[in-house]
Each structure stands twice: as structure tokens, then as C-alpha cells.
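S.K.: Quick one: this structure, given as C-alpha cells, is what I'll be asking you about.
Just so it is clear, none of the values below were taken in a lab; they were calculated from the coordinates. From a predicted model like this one, the values you see are computed outputs, not experimental measurements. Note that each Cβ is placed from the backbone with ideal geometry, even for glycine, and that neighbours are counted across all protein chains shown.
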């Protein structure tokens, strides 16, 4: 997965040289570099996003907000619909639950199906559940 991110980011030759240099620094050298950058540019590496947005670049606060977007999601079965058996089968395919556990989950809706997953996986799971007649939410 890290390789995919590297391919997506295109760096100029100069930026790539800086990255290569930083990569070779020791932990102590890197810590000192961070301190020097903080002093030079008047920023703090550990400041929450809200504090940064309130600084001299307050207009950039709205652009910084997406950085705090949720990275893990939960799929909740809100209603099994009319085809409970199909929904139970789908739950079993999407999770590691056995037949009884999947049946109990479907009958106890609204219930969490899976949590701590990516947005793409959550969207896919929701679509699969809705394809068999269930209603699901992503939280």
C-alpha cells in the first residue's frame, strides 16, 4: 500500500533530493531539523489543526479541515428487509460470523456489522447489503 502512495506523489527533482537527504538523517538530526523549521516558520509540529487555522493563515483553516476526515468507518445494518435469509448469507460472506451469529445480528438490527474499516470497504459492504434488500448505514 505504501508503494501506491509513492507512485501517486510526483516530486520535483529538488524536492526528491530533499526527501533523500531527510531520509538519511539520524533521529537526533531530524528532531533538530524539526525544531529549526518550527522556529524559522513560526509553527509547531504538534499543534492541533484548530490552533494552526487560528494563526496568521486563518483563511487556510477551511482547506486544512479535510485533513481531519475520518479514516475508519463502521457499517451498521439498520433493517434486514424482506429477504432475511439472503441478508444472513451476505453477512456471513462479509464477516467471519457463523450462521447463528449472523442470524442473531440480522434479527437484532440495528446492529454493527463491521467497524474500523476503510471508506471504500464500507461503501462496498453497504452496497452488497442493499443489493439483497437490507438497509445499512456508514458511520
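S.K.: So what's the gap between the Cα centers of region 123-139 and region 74-94, to the nearest angstrom?
M.R.: Cα centroid of region 123-139 versus Cα centroid of region 74-94: 8 Å apart.
S.K.: Something else: Can you tell me which of 32-41, 89-98, 114-123 comes out highest on packing, and rank the rest after it, using the mean Cβ neighbours within 10 Å?
M.R.: Result, highest mean first: 89-98, 114-123, 32-41.
S.K.: List the extent of the Cα atoms of region 77-139 along each of their three principal axes, largest first, rounded to whole Å.
M.R.: Computed over the Cα atoms, the extents are 27, 21, 18 Å.
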